[in-house]
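Here is the structure we will look at, set down as structure tokens.
The values are calculated or read from the model by the stated rules, or taken from the named source; none is laboratory data. All figures in this text were calculated on a predicted structure; none of them were measured in a lab. Cβ coordinates were reconstructed from backbone atoms using ideal geometry, including for glycine residues, and neighbour counts include every protein chain displayed. All accessible areas refer to the heavy atoms of the entire protein, side chains included, with ligands and DNA or RNA removed. Shrake-Rupley method; radii C 1.70, N 1.55, O 1.52, S 1.80 Å.
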Amino acid sequence: MANFFTKILNNIFQSNEVADEAFYEELEEAMILSDVSYSSCMRIIDAVKHEANQRGVNLTRDVQKILKDYILDLMMVEEGYYAFEQEKSIISVIGVNGVGKTTSIGKLAYHLKKKGKKVILAAADTFRAGAIEQLVEWGNRVGVDVIHQKEGSDPAAVVFDALQSFKAKNADVLIIDTAGRLHNKKNLMQELGKINRIIDREFAEGYRETLVVLDATTGQNAMSQAKLFKECSQVTGVILSKMDSTAKGGMALSIQAELGLPVKYMGTGEKVENLQRFDAKRYVEDIFD
Ligand code: GDP
């Protein structure tokens, strides 16, 4: 998974014995090449340098341990982060076109259905051409109902219908596919706000999640998208798609360090079963393998 990141880090730790300024510069460069954002990288390196100074150590093998512990601390998520998999819950999913939003929703529906949950999908991305049909196709593939209206209809009306169906069928999880028009932030905020108000009114007691889908191969672009989405909505986590492709591995770290968002799932392929819960401990172990 974090193959590139692992290789490049191992290389630096093996070729340097002493953690001097030149070493820290190499470390910085390696992290940035692995898609760790500049500000996360600086924050991590400053913290590691400080800790190494405090402990009075300057060998790279000690620094490696400090770095690993620091990243582990940063990435650890609490058990409660997956409460929505147990309780009745409404999950809104946002993401710009092409990041793998529809595919991730299909895979998430499958993942939850396998856990014995009754899942319903709502096609509230009524703007993008073909989005509704694509979601209906995924619904058929996974065997879950998709509530939809025609293209261009009011997303909030679709969500209202979906919530009635959710209640009538006593379903466990409603996954809402929402639009990802980031270039029109004001519209997007209004649209998401309207959807949220309907959920507040119709289903105040349930767990709520807003997951942003980010394409792990797009580095800084994905970070900017996440930042903007955070400004538009109460984002609670990230689905990091395409971790099987050319992703360099550092993005999950930046998402947590810079945005304070937990990565909850990662997509590892195009098939329905290619979605896994993100295992932070394993991710860090892999980086320092
Ligand atoms: P959307 O426009 O955001 O809804 O994106 P789609 O769900 O249509 O996905 C865009 C492309 O990315 C499709 O060709 C998907 O098969 C592909 N894709 C989505 N998730 C993954 C993943 O985890 N790994 C790989 N390799 N491809 C993915």
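Suppose we flag GluC sites (Glu not before Pro) only when DSSP calls them loop and at most 15 other Cβ atoms lie within 10 Å. Which is the longest uninterrupted stretch of the chain? Spell out each step's value before the answer.
Numbers: sites that count: E17, E78, E87, E151, E205, E270, E273.
Of all site-free stretches, the longest is 206-269.
Per DSSP helix of 4 or more residues, -39500 (n - 2.57); summed, then divided by the residues of the chain. What does that give at 222 nm, rounded to the nearest 500? Could you put the intermediate results ahead of the total?
On the way: 11 runs with 149 residues, N = 289.
So the calculated ellipticity at 222 nm is -16500 deg cm²/dmol.
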Accessible area of H148, 1.4 Å probe, to the nearest 10 Å²?
-> 90 Å²
Once fully extended, how much extra length lies between K169 and N11, figured as 0.36 nm per residue of separation less the alpha-carbon to alpha-carbon distance?
-> 51.3 nm
For the chain, modelled as a Gaussian network with Cα springs under 10 Å, which listed residue fluctuates most, K169, K264, K113?
-> K169
Report, in degrees rounded to the nearest 10, the 0 to 90 angle that the Cα long axis of helix 101-114 makes with the longest principal axis of the chain.
-> 80 degrees
Of every hundred units of 1.4 Å-probe accessible area on the chain, the number belonging to carbon and sulfur atoms, as a percent, is 46 percent
Please identify, among L182, L211, L135, the residue showing maximal mean-square fluctuation in a Gaussian network model of the chain using a 10 angstrom Cα cutoff.
-> L182
So what J values fall out for the stretch 257-267 if you push phi through Karplus, 6.51 cos²θ - 1.76 cosθ + 1.60 with θ = phi - 60°, rounded to Hz, Gly and Pro as x?
-> 5, 8, 9, x, 10, x, 7, 9, 9, 10, x
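Please tell me the relative contact order of the stretch 1-117 in percent, rounded to the nearest whole number, where contacts are Cα pairs under 8 Å and at least six residues apart. It would help to have the intermediate numbers written out before the result.
Numbers: 53 pairs, mean separation 23.6, N = 117.
Relative contact order, the stretch 1-117: 20 percent.
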Provide the per-residue ³J(HN,Hα) series for the stretch 85-92, in order, calculated from phi with Karplus coefficients 6.51, -1.76, 1.60 and θ = phi - 60°, each as a whole number of Hz, with x at glycine and proline positions.
-> 6, 9, 8, 5, 8, 10, 10, 8
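Sequence gap at least 6, Cα distance under 8 Å: using those rules, report the relative contact order of the chain to the nearest whole percent.
Working: 509 pairs, mean separation 75.3, N = 289.
Here the relative contact order equals 26 percent.
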Note on the chain, DSSP bridge orientation, antiparallel percent to nearest 5 equals 10 percent
Roughly what angle does helix 131-142 make with the longest principal axis of the chain, taking Cα atoms, 0 to 90 degrees, to the nearest 10?
-> 90 degrees
Report the extension gain between Q190 and K114 in nm, rounded to one decimal, defined as 0.36 nm multiplied by the number of residues separating them, less their alpha carbon distance.
-> 23.9 nm
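Just the number: Rg to Rh for the chain, Cα atoms, Kirkwood Rh, two decimals. Please report the intermediate quantities before stating the final value.
On the way: Rg = 20.6 Å, Rh = 19.9 Å.
A ratio of 1.03.
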How much accessible area per residue does the stretch 79-288 have, in Å², with a 1.4 Å probe?
-> 41 Å²
Nearest 10, in degrees from 0 to 90: the angle of helix 38-55 to the longest Cα principal axis of the chain is 40 degrees
Considering the chain as a Gaussian network with a 10 Å cut-off on Cα pairs, which listed residue, V212, V144, V93, attains the greatest mean-square fluctuation?
-> V144
